[in-house]
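Peer 1: Can you keep this structure in mind? I'll have questions shortly.
The values are calculated or read from the model by the stated rules, or taken from the named source; none is laboratory data. Computed from a predicted structure; not experimentally measured. Cβ placement follows ideal geometry from the backbone for every residue including glycine, while neighbour counts extend to all protein chains displayed. Accessible surface is based on the protein model in full, side chains and every heavy atom, while ligands, DNA and RNA are left aside. Shrake-Rupley method; radii C 1.70, N 1.55, O 1.52, S 1.80 Å.
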Amino acid sequence: MKIIHIAAECAPVAKEGGLADVIQGLSRELLLQGHQVKIFLPFYDSLHKEYFDSLEPQKKSFEIIEDGISYEAYSCFAKVAGCELILLDADHPEEYFHRKSIYGFKDDVARFLFFSKLVLEYLTVQKQNIDILHLHDWHTAICPLLYEHIYKDRGLDIGKTVLTIHNLEHQGKGVPDDLTKIGLDGQQLSHEDYLRDPDPAHPHRINLLKAGIMTADSITTVSPSYAQEILTPEYGFYLDPTLRSYRGKITGIINGIDNQIWNPRADKMIPFFYSSHDSAEVITEQKRANKHFLQKKLDMAKSDLPLFVCITRLVPQKGPELIEAALLHVINEGGQFVLLGSSPIHQIQHRFELIEKKFRSNSSLKMIFDYNEKISHLIFAAADFLVMPSIFEPCGLSQLIALSYGTIPIVRKTGGLKDTVFDISTSDPLKNGFVFADPTAEDTTEAIDRAFGLYSLPEEIQGYRKKAMKTDYSWKTSARDYLQIYSD
Ligand code: ADP
C-alpha cells in the first residue's frame, strides 16, 4: 500500500511527546512489512538536523495560495531511522515554521491549516495517488474536508483517510477566517455542525478535531481503554457526544515502541548493556551498574536503595500533585527519586522548583528540569520503578519503555496504562507492575509502599524484571492492526 502520514512531529528530529515516537515507529514497521510509506512534516527551524540519515537541499516545488496571495513553496527529501520524510515550507511572511519550537504560538491553528494545505497541494501537483492518508491529531484533521472540497476535483486520488487521536484534550480551536484563508468557505462551513466547537465557552469557534472525527473514513485512538473512555463526559472534553455518534468507526490500537531506539542490549546512551536473554541475576547486576553510573553523574549518593523515577511533561494530565506526593513519600521512606521533566505552566514549575530548593542538599533526590532524550535512556536503565500517576493517559509510552528496560511501572488505572500494566497482587498471568485506582495521594503512596515491599524481596523483583523484558512491546502487532483498518 502507498501510505502517507501527515503529522506535526516525528522522532527524533521533531519531538515534543509520544506522537513523535508513534509516527516514526509505526512508519518503520509498515515499511518493514513491505509497504511504501512517506511522512510529511513542516521544515521547522527547530528540527534536530543531527539525527537525519540524509537531508537533501530544499528546492522550489510549487505555488501555494493563502488568503488570495500566492507563495513559493519548497520541499526536500530526508531520511530518518530508515523512514522517508518530505519536509515542506513556503516563503510566507508569517514564517510559520521558523519559530523556536513546534507549538505554543497564537497562530498555531493557522500554521497547521497552512501545512495541511501544503501537503495536499504537493500531492496534487506531483500527481501522486495514495491508498491511505493517515492524519494525526487536530493539526492535520482538516485534510479530509480539504480533500472533499478542493483537491478531489483537482484530480487528487485518495483511497481512504484515517485519523488517529493521540490526545483528545487538544482540539485545534480557531475562527472561521482561518478556513477562508486556506480556500474553504469559512463563514458557510462554520454554520455546519461538524465545524462548530461543542465547548459552551467557545460557541463561535471552529473545532478542527471535530471536523476530522466527522469526515475521516476511520478513526483510531491509541489504546482500547481510551477508545471507550473518550465516549464519556469525564474524558470527552465536550466531544463525547460526537464520538458516541461515530463510535462504529472508532478503534483503539495500543502503541508500540521502536526497539531499535529502546533496546538495553545495544543502547549507545547507557554504559552497561543487558537483554531479556540474560539471567535475572545478570539483568539485576547490569541495572545496578547503570544505577551507580547515574548516581555519580547526578551527584547523588552511591547506594543500592530503590530508585524511583518519573520522566514526563509536568502538565495537569500527568498528575503533578501525585508526582509530588510520590516523590516526597519515597524520600521519607528512604528511597531515591529522580525526576526528569519541566512544566510549561508557571505555577507547576514554580512548585517543583521550591521542592528542589528545599531538598538541594539531599543526595537522594535529583530533579532535572529539562527535556533530555539522552539522559532519559540512562534513567530508564538505572531505575527500579517508574512512577506514572496520570489523570488520563491515551496510551503512554514511558511505561512500555520502562518495562522493556526491566523497570517496574507504578501507574494509575486509566487509558493505555490500564491496558498495559497489570497489578502484581492479582492472579493476572500478565502481572508486571503496580496499579492504583484513585487519583489521590493516598492511593499513589500506597502503591509506592507495595513497591518498597517488592524491592525487599530480591528474588521476586528479579523475576519481574526479566518477565517485563521478555514481553514484546514492538510495533509488529499494532502495525498489523493498522493494516487491517487500512484495508477494511
Ligand atoms: P506524552 O506523549 O503525553 O508526553 P508518552 O508517555 O506517550 O507521553 O510519551 C512521552 C515520550 O516522551 C516518552 O518517550 C518519554 O520518554 C519522553 N519524555 C517525556 N518527558 C521527557 C523529558 N523530560 N526528557 C526526555 N524524554 C521525555
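Peer 1: In segment 343-377, what residues are within 14 Å of the ligand (Cβ to nearest atom), open to solvent by 30 Å² or more (accessible area, probe 1.4 Å) and hydroxyl-bearing (Ser, Thr, Tyr)?
Peer 2: The answer is 371, and nothing else.
Peer 1: Do we find that residue 184 is at negative phi and modelled with pLDDT under 95 in this structure? Even if it seems obvious, please write down each step before you answer.
Peer 2: Values: at negative phi: yes; modelled with pLDDT under 95: yes.
Yes.
Peer 1: Determine which single condition residue 380 fails, assuming it passes every other condition in (1) under 19 Å from the mean Cα position of the chain (by Cα); (2) buried (at least 22 other Cβ atoms within 10 Å of the Cβ); (3) more than 10 Å from the ligand (Cβ to nearest atom).
Peer 2: So residue 380 meets the others, but not (3).
Peer 1: Would it be correct to say that residue 341 is modelled with pLDDT of 95 or more, touching a Pro at 6+ places or on another chain (Cβ under 6 Å), at positive phi and of a type outside the set (Val, Ile, Thr)?
Peer 2: Details: modelled with pLDDT of 95 or more: yes; touching a Pro at 6+ places or on another chain (Cβ under 6 Å): no; at positive phi: yes; of a type outside the set (Val, Ile, Thr): yes.
Judged against the criteria, residue 341 is not a match.
Peer 1: Would you say residue 227 is of a type in the set (Gly, Ala, Ser) and in a loop (DSSP other than H, G, I, E, B)? Give the derivation first.
Peer 2: Working: of a type in the set (Gly, Ala, Ser): yes; in a loop (DSSP other than H, G, I, E, B): no.
So residue 227 does not fit the description; no.
Peer 1: For residue 166, only one of the following conditions fails: (1) closer than 30 Å to residue 487 by Cβ; (2) open to solvent by less than 60 Å² (accessible area, probe 1.4 Å); (3) more than 21 Å from the chain's Cα centre (by Cα). What is its number?
Peer 2: Every listed condition holds for residue 166 apart from (3).
Peer 1: When residues of segment 238-273 are filtered for being more than 21 Å from residue 397 (Cβ to Cβ) and open to solvent by 70 Å² or more (accessible area, probe 1.4 Å), how many remain?
Peer 2: Summing the residues that are more than 21 Å from residue 397 (Cβ to Cβ) and open to solvent by 70 Å² or more (accessible area, probe 1.4 Å) in segment 238-273 gives 7.
Peer 1: Would you be able to say whether some residue in segment 116-132 is open to solvent by 10 Å² or more (accessible area, probe 1.4 Å), under 28 Å from residue 231 (Cβ atoms) and within 25 Å of the chain's Cα centre (by Cα)?
Peer 2: No.
Peer 1: Something else about it: Filtering segment 3-53 down to residues that are outside any loop (DSSP other than H, G, I, E, B), open to solvent by 20 Å² or more (accessible area, probe 1.4 Å) and farther than 29 Å from residue 91 by Cβ, which residue is farthest from the ligand (Cβ to nearest atom)?
Peer 2: Let us first name the residues in segment 3-53 that are outside any loop (DSSP other than H, G, I, E, B), namely 3-6, 10, 14, 18-32, 36-42, 49-51.
Going one step further and asking which of them are open to solvent by 20 Å² or more (accessible area, probe 1.4 Å), we end up with 18, 21, 28-29, 31-32, 36, 38, 49-51.
So of that shortlist, the ones also farther than 29 Å from residue 91 by Cβ come out as 18, 21, 28-29, 31-32, 36.
Values: 18: 2, 21: 5, 28: 15, 29: 17, 31: 21, 32: 21, 36: 27 Å.
Across segment 3-53, the extreme among qualifying residues is 36.
Peer 1: Looking only at segment 393-427, count how many residues are open to solvent by 10 Å² or more (accessible area, probe 1.4 Å), among the polar types (S, T, N, Q) and either part of a strand (DSSP E or B) or in contact (Cβ under 8 Å) with a residue 60 or more places away in the chain (or both).
Peer 2: Total meeting the criteria: 3.
Peer 1: Please state which one of 211, 227, 201, 216 is open to solvent by 30 Å² or more (accessible area, probe 1.4 Å) and among the aliphatic types (A, V, I, L, M). Full working, then the answer.
Peer 2: Numbers: 211 fails: open to solvent by 30 Å² or more (accessible area, probe 1.4 Å); 227 fails: open to solvent by 30 Å² or more (accessible area, probe 1.4 Å); 216 fails: open to solvent by 30 Å² or more (accessible area, probe 1.4 Å).
After ruling out the rest, the residue left standing is 201.
Peer 1: Moving to a separate point now. So which residues in segment 46-92 are within 23 Å of residue 178 (Cα to Cα) and of a type in the set (Asp, Glu), if there are any at all?
Peer 2: Answer for segment 46-92, where residues must be within 23 Å of residue 178 (Cα to Cα) and of a type in the set (Asp, Glu): 63, 66, 67, 72, 89, 91.
Peer 1: Additional query: Filter segment 147-160 down to residues that are under 26 Å from the mean Cα position of the chain (by Cα) and either open to solvent by less than 10 Å² (accessible area, probe 1.4 Å) or at pLDDT below 95 (or both), then give me how many there are. Break it down stepwise before answering.
Peer 2: Residues of segment 147-160 under 26 Å from the mean Cα position of the chain (by Cα): 160.
Restricting the remaining residues to those that are either open to solvent by less than 10 Å² (accessible area, probe 1.4 Å) or at pLDDT below 95 (or both) gives none.
Residues meeting the conditions: 0.
Peer 1: Only one of these is among the aromatic types (Phe, Trp, Tyr), out of contact with any Leu (no Cβ under 6 Å at 6 or more places or on another chain) and within 29 Å of residue 236 (Cα to Cα): 385, 452, 392. Name it.
Peer 2: Numbers: 385 fails: within 29 Å of residue 236 (Cα to Cα); 452 fails: within 29 Å of residue 236 (Cα to Cα).
Answer to the check: 392.
Peer 1: Would segment 441-464 turn up any residue that is at pLDDT 95 or above, closer than 21 Å to residue 224 by Cα and open to solvent by less than 20 Å² (accessible area, probe 1.4 Å)?
Peer 2: No, every residue in segment 441-464 fails to be at pLDDT 95 or above, closer than 21 Å to residue 224 by Cα and open to solvent by less than 20 Å² (accessible area, probe 1.4 Å).
Peer 1: Can you name the residue in segment 313-329 that is hydrophobic (A, V, I, L, M, F, W, C) and touching a helix residue (DSSP H, G or I) at 6+ places or on another chain (Cβ under 6 Å) and is also farthest from the ligand (Cβ to nearest atom) among such residues?
Peer 2: The qualifying residue farthest from the ligand (Cβ to nearest atom) is 325.
Peer 1: Would you mind stating whether residue 254 is under 17 Å from the mean Cα position of the chain (by Cα) and outside any helix (DSSP H, G or I)?
Peer 2: yes
Peer 1: Also, quick follow-up: Could you tell me whether any residue of segment 291-310 is polar (S, T, N, Q), surrounded by 16 or more Cβ atoms within 10 Å (Cβ to Cβ), more than 18 Å from residue 451 (Cβ to Cβ) and away from the ligand (no atom under 16 Å from the Cβ)?
Peer 2: If we filter segment 291-310 for residues that are polar (S, T, N, Q), which is where we start, we get 295, 303.
Those left that are additionally surrounded by 16 or more Cβ atoms within 10 Å (Cβ to Cβ): 295.
Then keep just the ones that are more than 18 Å from residue 451 (Cβ to Cβ); that gives 295.
The next check asks that each one be away from the ligand (no atom under 16 Å from the Cβ); those that pass are 295.
Yes, there is a match, as at least one residue in segment 291-310 is polar (S, T, N, Q), surrounded by 16 or more Cβ atoms within 10 Å (Cβ to Cβ), more than 18 Å from residue 451 (Cβ to Cβ) and away from the ligand (no atom under 16 Å from the Cβ).
Peer 1: Please go through segment 331-352 and pick out each residue that is assigned to a loop (DSSP other than H, G, I, E, B) and either out of contact with any Leu (no Cβ under 8 Å at 6 or more places or on another chain) or not hydroxyl-bearing (Ser, Thr, Tyr) (or both).
Peer 2: 333, 334, 335, 341, 344, 345
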